[in-house]
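Okay, structure first, notes after.
Please treat every number below as a calculation from the coordinates, not as lab data. Keep in mind it's a predicted model, so treat the numbers as computed, not measured. Here Cβ is always computed from backbone atoms with ideal geometry, including for glycine, and neighbour counts include all displayed protein chains.
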Amino acid sequence: MSSVRTPVVALAGGIGAARFLRGLVRVVDPTQITAVVNTGDDRNFYGVHVSPDIDIVLYSLAGCADREKGFGLEGDTFRLIEALGALGHETWFRLGDRDFATCQHRTLRLAEGAGLAAVTDEIRRAFGVATKLLPMSEDPCPSIIVLGAGTRVHFEEYLVRDGAPSDVEAVDLSAATRAAPGPGVVDALRSAGTILVCPSNPVVSIGPILAVPGVREAIAASGAPVVAVSPIVGGAPVKGPADALLRGVGAEVSARGVARLYADLVSGYVLDQRDHAELADVESLGIRAVSVDTLMRDVGVAAELARTVLSLADTLR
Ligand code: GDP
């Protein structure tokens with residue numbers, strides 16, 4: 001592959017980002033990669049601070065994620081929340097015992113006055129992960145989903161408790177728009193050699209990161225090529241409620257629809273070969289596009305996808 005301009009900074013949500021980053025670290029020196037991770041899904045459960053996107057990215061890069069569930073640690077047990085359930089607590093948010101320990105550690109360190117960025121870095125080192133993970137913000141930025149009857153629910157309530165109903169009317173990211181960028185985020189973006197947008201949910205994973213003041217400006221100031229990977233494969237999300245959320249913000253559920261959302265941000269776009277018919281529409285937005293297999297069934301496909309993304313970035317300098 002042609003030369004990769006480092007450092008590489010990736011905007012990341014949860015599972016789609018986790019899969020992609022596992023491939024990227026095979027292709028680029030992991031110490032030269034920084035992921036800026038969505039914290040719009042963060043919430044307190046059972047008295048501990050849960051950062052779902054940071055944790056799935058971390059566990060995946062550490063090689064210990066539960067890939068079947070798409071959250072938590074492989075082989076984890078659920079005795080703690082089962083015991084809480086027996087005591088009458090609501091336990092719709094599944095949190096494994098060792099996963100709980102990660103969150104408990106985070107909570108204790110935050111209570112001691114450490115910031116979320118510093119705690120995330122400590123946890124990453126403890127898991128032996130070389131790639132830096134930066135929370136998009138240390139301020140609370142809950143992503144709120146507005147449903148049909150005007151009901152407002154936190155994203156985790158929408159997704160896990162309510163089973164992602166389709167009657168989404170709007171998505172409220174106003175908390176993110178008032179948040180300060182996390183320590184290191186603006187500097188990492190400004191000095192990036194290449195910026196990538198992982199195949200994550202555009203509305204509730206990438207949307208909140210871009211909503212944080214200073215993030216878009218730092219991306220523009222970097223002068224680096226920005227390449228996104230479509231999270232839509234064959235006209236539908238691979239996993240999760242991106243279809244209902246895209247409709248909820250008035251966007252088309254397609255690779256082309258996501259490219260339109262990113263049109264003022266990216267200069268390159270990788271869409272799935274199953275959506276190849278939309279390539280010309282993406283290019284008509286002034287974005288250079290390539291179609292390949294983006295369904296990351298295994299880390300080999302993810303690494304090949306990462307190579308394609310970086311080659312495209314190289315042509316955009
Ligand atoms: P979440 O916070 O765990 O939902 O994580 P993300 O926002 O990172 O991921 C959700 C998005 O990832 C969905 O829109 C999926 O379609 C996308 N995704 C998951 N796996 C793949 C894959 O193998 N290929 C592609 N192209 N997208 C994927």
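A few comments on the model shown:
- Qualifying residues in region 258-309 (those that are more than 16 Å from the ligand (Cβ to nearest atom) and assigned to a helix (DSSP H, G or I)) - the one nearest to residue 222 (Cα to Cα): 283
- Matching residues in region 75-101 - criterion: being under 20 Å from the mean Cα position of the chain (by Cα) and surrounded by fewer than 18 Cβ atoms within 10 Å (Cβ to Cβ): 93, 94
- Of all residues in region 117-152 being of a type in the set (Asp, Glu) and not in a loop (DSSP other than H, G, I, E, B), the one that is farthest from residue 203 (Cα to Cα): 122
- Of the residues examined, residue 165 is not one that is touching a strand residue (DSSP E or B) at 6+ places or on another chain (Cβ under 9 Å), at negative phi and buried (at least 23 other Cβ atoms within 10 Å of the Cβ).
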